[in-house]
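S.K.: Before I ask anything, here is the structure I am working with.
The values are calculated or read from the model by the stated rules, or taken from the named source; none is laboratory data. Quick caveat, the model's predicted, so the values are computed rather than measured. Cβ placement follows ideal geometry from the backbone for every residue including glycine, while neighbour counts extend to all protein chains displayed. Quick note on the areas: whole protein, heavy atoms, side chains included, nothing else; ligands and nucleic acids left out. Shrake-Rupley method; radii C 1.70, N 1.55, O 1.52, S 1.80 Å.
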Amino acid sequence: MSELRTRFAPSPTGYLHIGGLRTALYSYLYAKKMNGKFILRIEDTDQGRYVDGAVEIIYRTLRETGIMYDEGPDVGGDYGPYIQSERKNEYLFYAEKLVESGHAYYCFCSEERLASLPDINGARRYDKHCLNLSKEEIAERLARGDKYVIRQNMPVTGNSTYHDVVYGDITIENSELEDQILIKSDGMPTYNFANVIDDHLMGINCVMRGIEYLSSTPKYNLLYDAFGWERPVYIHMPPIMKDAQHKLSKRNGDASYEDLIKKGFLKDAIINYIALLGWSPKDDSEKMSFAELQRKFDVSGINKSPSIFDPMKLAWLNSLYIKEMPPESFAEYAKPWLETCYLKDFDKRLVCKLIQSRIETFAEIEDKLRFLVEFGDIDDGLYVNQKQKADAALAKNILPKIKDKLYVLKNWDNQNLFDTLVELSAELDCKKGAVLWIARVALTGLAVTPGGASEIAEILGKEETLRRIDCAIMQLNA
RNA sequence: GGCUCUAUCGUAUAGUGGUUAGUACGUUGGCCUCUCACGCCGAUAACAGGGGUUCGAAUCCCCUUAGAGUCACCA
């Protein structure tokens, strides 16, 4: 068996959406598992849809996520060029070969004629009108410079069957196949044609792509057959949906890879999650590193039915990756989000320690830390905690004592603060939870905070802590 | 509409003729605890419907229903 060669062939239309990224991921994982090659090819035959910078986004995203291609436009290889617009001349040559063998023909039909074709169930099917043109007429019109396209000559009877690795045998009546255009009037090949020619020329023997190509694959197979080329192995994949009836797409404003990064998701979590959308390993593993994914990936685990993208589960996976980050990496990665919090001179290390285990995405940082810079009215009701037997009256009573204790505290760190407050609770003969609860509320004015009273006091610093306690006392006495 | 594909808890899935239908997220009860979070223990909830085949069907077949894809000089 020759070396497995698979490929990812995106169009540079502006972004790499989640579905495309997953296709690339699966193709890469499968190629690597089989000790084969993974190739990147840019399909830019539609000049109208080309978007500047889109190619760079593709390169960057694949690199960033670890989906390294063995051959491609910017890394080279023996089958280049890897950009379709640079292979333009190849296609016409092969199309003409097909014309010679009768598998394709020139078509001079005008747009108007095409538009006048009968509409059958909402679709206009080309009627093979130009198939019957005489050799002389074709030569004459070609010489005259008439605009033309080259169409594939589909069989009218019989049916075509092929095997798909995930969907099994697919059979379609040949009469369902339209004489699709191979070469457009601008001389460029259509995707359908270029795709087949390139795959063959590049030695691609395994094609992994979205299910949208499942029903047009017989057309490609007819092309392979006409040339006498060996058909590749096909692996079609189910779509990723936003909900039961809508596909996930940038057009609907759904998240692309880059959007997810901006929303505070880690690339490892994104890759891990999308790997699980439509595929599952033999065991019950869910959190898998890229290396594990490579080891465990197998096409037999690919699902047939569409799967809905679940941000909640992604967030959960993301939190797992966040928790295992070394503190330094976390601090480094969190930097941009921390900057939006105006933390002034608070100790970033302590702040990170506080939030690392409490966020699922980095975007939550701002909300979680707002209390560090915003402090104002405290609702008396917040002092009430039945379990700890705390309330506003108790707060009014012990807050001054807390203040006195802290005022003389020498080493301002979490442990000392905690010990001091616990000590006070013993002296006052009340629950330590009551003291800590009241202190925390007084310092933050919030029912829920990341971290307890002592941790927060440590970050706030002595001066700010005492200032806030004063504030709280004043409010209670007002 | 024609053609193709799909159908297990809300979501992602395990399951390939015999299981108390498993797991994870979510939701939820509890424990732990200076609130929250983490962690731990429990609960919740599914074979779309109807016919077959079979001693036996989530698993095989058919129909219905629902959904997706496709029918371009787009990829």
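S.K.: Between A:Ser280 and A:Arg358, what FRET efficiency follows from the Cβ-Cβ distance if R0 is 35 Å, with the result rounded to 0.05?
M.R.: Between A:Ser280 and A:Arg358 the formula returns 0.75.
S.K.: Another one. 5 Å is the cut-off here: which amide hydrogens, built 1.01 Å from N in the peptide plane, fall below it relative to A:Ala390, excluding neighbours closer than 5 in sequence?
M.R.: Under 5 Å from the amide H of A:Ala390 lie the amide H atoms of A:Asn385, each far enough along the sequence or on another chain.
S.K.: I would also like to ask the following. Work out the FRET efficiency for A:Glu230 and A:Asp146 from their Cβ-Cβ distance, taking R0 = 35 Å, and round it to the nearest 0.05. Each step should come with its number before you reach the end.
M.R.: Details: r = 36 Å, r/R0 = 1.04.
Computed FRET efficiency for A:Glu230 and A:Asp146 comes out at 0.45.
S.K.: If you don't mind, there's one more thing I want to ask. In the neighborhood of A:Thr61, defined by Cβ-to-Cβ distances under 15 Å, what is the net charge if each Lys or Arg adds +1 and each Asp or Glu adds -1?
M.R.: Spelling it out: positives minus negatives among the neighbours equals 0.
S.K.: Cross-link candidates for A:Lys387: which aspartates and glutamates have Cα within less than 17 Å, leaving aside residues fewer than 8 places away along the same chain?
M.R.: Candidates past the 8-residue exclusion: A:Asp429.
S.K.: What distance in nm separates the two pseudo spin-label positions at A:Ile170 and A:Lys323, each 7 Å out from Cα along the beta-carbon direction?
M.R.: Using points 7 Å along Cα→Cβ, the separation is 4.2 nm.
S.K.: OK, next. No other cysteine beta carbon under 4.7 Å away is the test; run it over chain A and list who passes.
M.R.: A:Cys109, A:Cys206, A:Cys341, A:Cys352, A:Cys430, A:Cys471
S.K.: Let me ask something else about it. Could the peptides A:135-141, A:209-215 be put in order, highest first, of the mean number of other beta-carbon atoms found within 10 Å of their residues? Walk me through the numbers on the way to the answer.
M.R.: Working: A:135-141: 12.3, A:209-215: 16.0.
For the peptides A:135-141, A:209-215, the packing ranking is A:209-215, A:135-141.
S.K.: Once phi is turned into ³J(HN,Hα) by the Karplus curve 6.51 cos²θ - 1.76 cosθ + 1.60 with θ = phi - 60°, what whole-Hz value does each residue of segment A:170-175 show in order, with x for glycine and proline?
M.R.: With coefficients 6.51, -1.76 and 1.60, one gets 10, 10, 9, 5, 4, 5 Hz.
S.K.: Take every Cα pair under 8 Å in chain A that's 6+ residues apart, average their separations, divide by the length, and report that relative contact order as a whole percent.
M.R.: Details: 691 pairs, mean separation 56.9, N = 478.
12 percent.
S.K.: Of all the accessible heavy-atom surface of chain A, with the other protein chains kept in place and a 1.4 Å probe, what percent is carbon and sulfur?
M.R.: With neighbouring chains kept in place, the figure for chain A is 51 percent.
S.K.: What does the charge add up to near A:His163, with Lys and Arg as +1, Asp and Glu as -1, over the other residues with Cβ less than 14 Å from its Cβ?
M.R.: Once positives and negatives cancel, what remains is -2.
S.K.: Taking the Cβ of A:Tyr94 as the centre, find all other residues whose Cβ is under 11 Å away and add up their charges (Lys, Arg: +1; Asp, Glu: -1). Display every interim value, and only then the final one.
M.R.: Details: positive: A:Arg87, A:Lys97; negative: A:Glu90, A:Glu96, A:Glu100, A:Asp198.
Surrounding charge for A:Tyr94 is -2.
S.K.: May I pose another question? Assuming 0.36 nm per residue, please report the length gained on full extension of the stretch A:Arg370 to A:Asp298 beyond their Cα-Cα distance.
M.R.: Additional length available on full extension: 21.3 nm.
S.K.: To the nearest 500 deg cm²/dmol, what mean residue ellipticity at 222 nm is calculated for chain A from DSSP H runs of n ≥ 4 alone, each contributing -39,500 (n - 2.57), summed and divided by the residues? Walk me through the numbers before you get to the answer.
M.R.: Values: 18 runs with 216 residues, N = 478.
About -14000 deg cm²/dmol.
S.K.: Sequence-distant or interchain residues sharing an amide H contact under 5 Å with A:Asp74, placed H: which?
M.R.: none
S.K.: Taking the solvent-accessible surface of protein heavy atoms with a 1.4 Å probe, what is the per residue accessible area of chain A in Å²? All intermediate terms of the calculation are to be shown ahead of the outcome.
M.R.: Values: 23290 Å² over 478 residues.
Heavy-atom SASA per residue in chain A reads 49 Å².
S.K.: Turning to a different aspect of this structure: Take peptides A:263-273, A:460-470 and line them up by average Cβ neighbours within 10 Å, highest first, as a rough protection proxy.
M.R.: Answer by packing, highest mean first, reads A:263-273, A:460-470.
S.K.: Now for a separate question. Using the Karplus curve 6.51 cos²θ - 1.76 cosθ + 1.60 with θ = phi - 60°, work out ³J(HN,Hα) for each residue of segment A:66-81 in order, rounded to whole Hz, and write x for Gly and Pro.
M.R.: x, 7, 7, 9, 7, 9, x, x, 9, 10, x, x, 7, 10, x, x
S.K.: Once amide H atoms are built 1.01 Å from N in the peptide plane, which residues 5 or more positions from A:Asn159, or in another chain, come under 5 Å H to H?
M.R.: A:Asn174
S.K.: FRET efficiency for A:Asp429 and A:Ala393, Cβ-Cβ distance as r, R0 = 22 Å, nearest 0.05?
M.R.: E(calc), rounded to 0.05, equals 0.90.
S.K.: Next question, about the same structure. On the full set of protein chains, 1.4 Å probe, figure out the accessible area of A:Leu409 and give it in Å² to the nearest 10.
M.R.: We get 20 Å² for A:Leu409.
S.K.: If you don't mind, there's one more thing I want to ask. Any chance you could run the full-extension gain for A:Glu212 through A:Ile308? It's 0.36 nm times the residue separation minus the Cα-Cα distance, nm to one decimal.
M.R.: Separation in residues times 0.36 nm, less the Cα-Cα distance, equals 32.9 nm.
S.K.: Provide the packing ranking of A:435-443, A:287-295, A:353-361, i.e. peptides ordered by the mean count of other C-beta atoms within 10 Å per residue, highest first.
M.R.: Descending mean neighbour count gives A:435-443, A:353-361, A:287-295.
S.K.: Select from segment A:302-363 those chymotrypsin sites (Phe, Trp or Tyr not before Pro) which occupy a DSSP coil region and have at most 16 other Cβ atoms within 10 Å, ordered by residue number. All intermediate terms of the calculation are to be shown ahead of the outcome.
M.R.: Details: sites: A:Phe309, A:Trp316, A:Tyr321, A:Phe330, A:Tyr333, A:Trp337, A:Tyr342, A:Phe346, A:Phe362; in loops: A:Phe309, A:Tyr342, A:Phe346.
Counting only loop positions with at most 16 other Cβ atoms within 10 Å, the chymotrypsin sites (Phe, Trp or Tyr not before Pro) in segment A:302-363 are A:Tyr342.
S.K.: Take A:Ser85, project a point 7 Å from its Cα along the Cβ direction, then tell me which residues of segment A:17-61 have their backbone nitrogen under 17 Å from it.
M.R.: A:41-59
S.K.: Residue separation times 0.36 nm, minus the C-alpha to C-alpha distance between A:Asp70 and A:Ala123: what's the value? Walk me through the intermediate numbers first.
M.R.: Details: separation 53, 0.36 × 53 = 19.08 nm, distance 4.13 nm.
Going from the current span to full extension adds 15.0 nm.
S.K.: Related question: Relative contact order for segment A:245-302 using alpha-carbon pairs under 8 Å, separation at least 6, rounded to a whole percent?
M.R.: The normalised contact order for segment A:245-302 reaches 27 percent.
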